[in-house]
Structure formats: structure tokens, C-alpha cells
Amino acid sequence: MLLHSSNLILLVMLLMNFRAFSSFQWGMLVFVLLLVILHFLPESLRSVLEYHRAEPEQVWRAVTGHLLHSNHWHLVMNLGALLLMLMLHQLYYSLHSFALLLVSGCIGISVLLYLFSPDIQIYVGLSGWLHCFITAGALLDIKHKVQSGWLILLGVIAKVAYEQWQGPDTELAALIDANVAIDAHLYGVICGLLLGLVFVYVTSTKPAENQLQR
């Protein structure tokens, strides 16, 4: 009985928290659920959504390929990284601006993959776009004089430079059961710099000062 009561209290607390969700938080919850649902689609459906160099006329793949993952570990790691980045930078975004960054970043990375990485025939995973997201967020930090923005920006640039010099991580490749597309990470940073500058110069809304103290 006590166990049932504690479960009921926990459920009520969760429901209360859901009621307090902003439209952006609800949007992020839907986005996470979408990533999970896409991961469990049958292979016949996944194959028409992944980025495929041989199918450039199927333009939706430029976005949907980034929303698929090679295995459960790949999905879990990217969801964890997304959560961390949202904790750092969600204050800068509305649902509309987040969706704009997501779609434009995915398309930009796919175009760069097609133009400059002919060896990558098939690509899935959110990690390229996550590099775009964290880079754009770092520029917004810098705009609002959050000193950690410089550390984040230099850190992500150093990471992709090291990957280009050293090559992909073989242990990570074994874990996610796929080659690590380090070019997608590089292109994500490039897109993040370009799109981040657009956000810096176009957006004028400044988060509350207490939100910026990190």
C-alpha cells in the first residue's frame, strides 16, 4: 500500500511538472520521442530516410538522415549530448528558432558531405548537427558576455581539429557499430559558425541576467 502511495505521489509530481512545461520544453520532448520512434522503425522504412549520396534527388534525406542512429548506444549518447547542450543554451531559443537551426544545420551538413566527402555514401546520426548546435550556442554566449562561451568554442574547434589530424575513434566506432563520420563533425562546426553569426546579428532578445550566470 505504501509503495502504491509513493508511486501515486511520484506520478502526481510528474504531471505537475508537465503542466509547467513551456512550449519549447514540450517541443523538445516531442523531438526526443521522434528520435526514439525513428530508431525503432523497420529497416525498410529507415533505408528511405537515411542520407544516401546516390539519392540526391530525394531531398528529405538531407534532414531525416540526421535523425536516425546506427544502434541503441549511438542514440543514447546523442540524446545525452542533446540534453547537456539544452541545459547550457536552451534559454536562447524559441521552438521556432530551434527548428530553424535544426533544419538549416542538417541541410548544410548534408550539402557539405555531398560536395566534399565523396567517400561517405551513407550517413546517419545527430552528432554532426550537435556540433552545429553547441557552436552556435557558444557564439550566443559570447554575444551575451558569458565567458564560458569562449571555452566551449575553442574546445569544439580543438576537438574537430584533433579528429581531422588523428582520425576517427576506433573504440567509439565499435560501440556504435558504424564508422565515426568526423567530416560531419567538422561541417557541423562550420555550419554552427555561419548560422550562429546569423542568430547573433538577427536575434535581439536577451535572456534574463539570472539565466546567464553560469
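The values are calculated or read from the model by the stated rules, or taken from the named source; none is laboratory data. All figures in this text were calculated on a predicted structure; none of them were measured in a lab. Note that each Cβ is placed from the backbone with ideal geometry, even for glycine, and that neighbours are counted across all protein chains shown.
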Residue within the stretch 124-134 that is surrounded by fewer than 21 Cβ atoms within 10 Å (Cβ to Cβ), on the phi < 0 side of the Ramachandran plot and not small (Gly, Ala, Ser) present: no
Qualifying positions in the stretch 87-146 - of a type in the set (Ser, Thr, Tyr) and within 22 Å of residue 24 (Cβ to Cβ): 92, 93, 94, 97, 104, 135
Inter-residue pairs, beta-carbon under 6 Å, first modelled with pLDDT of 95 or more and in the stretch 52-64, second surrounded by 13 or more Cβ atoms within 10 Å (Cβ to Cβ) and assigned to a loop (DSSP other than H, G, I, E, B), 6+ apart: 64/49
Within the stretch 91-115, tally of residues that are at pLDDT 95 or above and buried (at least 18 other Cβ atoms within 10 Å of the Cβ): 10
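Among the residues of the stretch 116-139, which ones are hydrophobic (A, V, I, L, M, F, W, C), in a helix (DSSP H, G or I) and at pLDDT 95 or above?
Filtering the stretch 116-139 down to residues hydrophobic (A, V, I, L, M, F, W, C) leaves 116, 120, 122, 124, 126, 129-130, 132-134, 136, 138-139.
So of that shortlist, the ones also in a helix (DSSP H, G or I) come out as 116, 129-130, 132-134, 136, 138-139.
Passing the criteria: 129, 130, 132, 133, 134, 136, 138, 139.
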Criterion violated by residue 146 - all others in (1) surrounded by 13 or more Cβ atoms within 10 Å (Cβ to Cβ); (2) within 19 Å of the chain's Cα centre (by Cα) satisfied: (2)
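Is it true that some residue in the stretch 82-90 is surrounded by 15 or more Cβ atoms within 10 Å (Cβ to Cβ), under 16 Å from the mean Cα position of the chain (by Cα) and either closer than 24 Å to residue 53 by Cβ or not hydrophobic (A, V, I, L, M, F, W, C) (or both)?
So in the stretch 82-90, the residues surrounded by 15 or more Cβ atoms within 10 Å (Cβ to Cβ) come out as 82, 85-86, 88-90.
Checking the rest, the ones that are also under 16 Å from the mean Cα position of the chain (by Cα) come to 82, 85-86, 88-90.
Going one step further and asking which of them are either closer than 24 Å to residue 53 by Cβ or not hydrophobic (A, V, I, L, M, F, W, C) (or both), we end up with 89-90.
Yes, that holds for at least one residue.
Select, from 28, 77, 85, the only residue that is out of contact with any strand residue (DSSP E or B) (no Cβ under 6 Å at 6 or more places or on another chain) and within 19 Å of residue 198 (Cβ to Cβ). Reasoning before the result, please.
Details: 28 fails: within 19 Å of residue 198 (Cβ to Cβ); 77 fails: within 19 Å of residue 198 (Cβ to Cβ).
Only one candidate passes the filter, namely 85.
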Conditions (1) of a type in the set (Ser, Thr, Tyr); (2) at pLDDT 90 or above; (3) under 18 Å from residue 88 (Cβ atoms): number failed by residue 203: (2)
